[in-house]
Amino acid sequence: MPGRVYGQLPQSELDFLESSLAEHPELPALITLHHHPVDVGCDWMQPIGLRNREDFWQIVDRFPQVKIVLWGHIHQEQELNRNGVHLMATPSTCIQFTSGSSDFSVEPLAPGYRWLELMTSGEFSSEVGRANDFEFELDQNSSGY
């Protein structure tokens, strides 16, 4: 959504997702988004997630080949499960937002990334790495980044 912090998938993207999944039911699928399609446990992030997440899940729930839904935006590592689908957030390569915070908050974790190893069977492995040798100054009293 231009000029907005939240995300919303246009109908054309939802249609593309549905037709792609329908066209290849035999292939394991990984879906990546920028905005989080579930509640991530941070009150202040709730209004800046994917606004039409119900439309997104109505499609995903119909296709058992979806193995992973992956997103960024929340600047923190997270792993959840929803109806057998692995839900994963990746940390930021910049500052990290505090997990479970009610108000905006950052924590002194090093920049991070998530790597994935995908097998043709639909199995996968994933880990988060951190740039531990990276030096940076973090203003933990900031009201926004």
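Among the criteria (1) under 25 Å from GLU127 (Cβ atoms); (2) in contact with a helix residue (DSSP H, G or I) (Cβ under 9 Å, 6 or more places away or on another chain); (3) surrounded by fewer than 18 Cβ atoms within 10 Å (Cβ to Cβ), the one GLU107 does not fulfil is (2).
Quick grid of which residues meet (1) within 23 Å of LEU70 (Cβ to Cβ); (2) basic (Lys, Arg):
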position: PHE104; (1), (2): no, no
position: MET119; (1), (2): yes, no
position: PHE124; (1), (2): yes, no
position: GLU127; (1), (2): yes, no
position: ARG130; (1), (2): yes, yes
position: ASN141; (1), (2): no, no
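Just to be sure before I move on: is GLY41 closer than 30 Å to GLU137 by Cα, of a type outside the set (A, V, I, L, M) and either in a helix (DSSP H, G or I) or within 15 Å of the chain's Cα centre (by Cα) (or both) in the structure I sent? Taking the combined requirement at face value, the residue satisfies it.
Considering the conditions (1) in contact with a Lys or Arg (Cβ under 9 Å, 6 or more places away or on another chain); (2) modelled with pLDDT under 95; (3) part of a helix (DSSP H, G or I), GLN46 is excluded by exactly one of them, (1).
Considered as a group, the residues in the range 10-57 that are in contact with a Phe, Trp or Tyr (Cβ under 6 Å, 6 or more places away or on another chain) and within 19 Å of LEU70 (Cα to Cα) include one that is surrounded by the most Cβ atoms within 10 Å (Cβ to Cβ), and that residue is HIS36. Just one of the numbered conditions (1) without any contact (Cβ under 8 Å) to a residue 24 or more places away in the chain; (2) at positive phi is not true of GLY41: (1). Within the range 57-105, the set of residues being in contact with a strand residue (DSSP E or B) (Cβ under 9 Å, 6 or more places away or on another chain), touching a residue at least 60 places away in the same chain (Cβ under 8 Å) and farther than 27 Å from PRO28 by Cα comprises PHE104 only. Return the total of residues in the range 68-86 being assigned to a strand (DSSP E or B) and either crowded, with 18+ Cβ neighbours inside 10 Å or not basic (Lys, Arg) (or both). The number of residues fulfilling the criteria is 10. Residue count for the range 20-38 satisfying the condition of being touching a residue at least 12 places away in the same chain (Cβ under 8 Å) and part of a helix (DSSP H, G or I): 2.
The values are calculated or read from the model by the stated rules, or taken from the named source; none is laboratory data. Computed from a predicted structure; not experimentally measured. With ideal geometry, Cβ positions are generated from the backbone for all residues, glycine too; neighbour counts draw on all protein chains shown.
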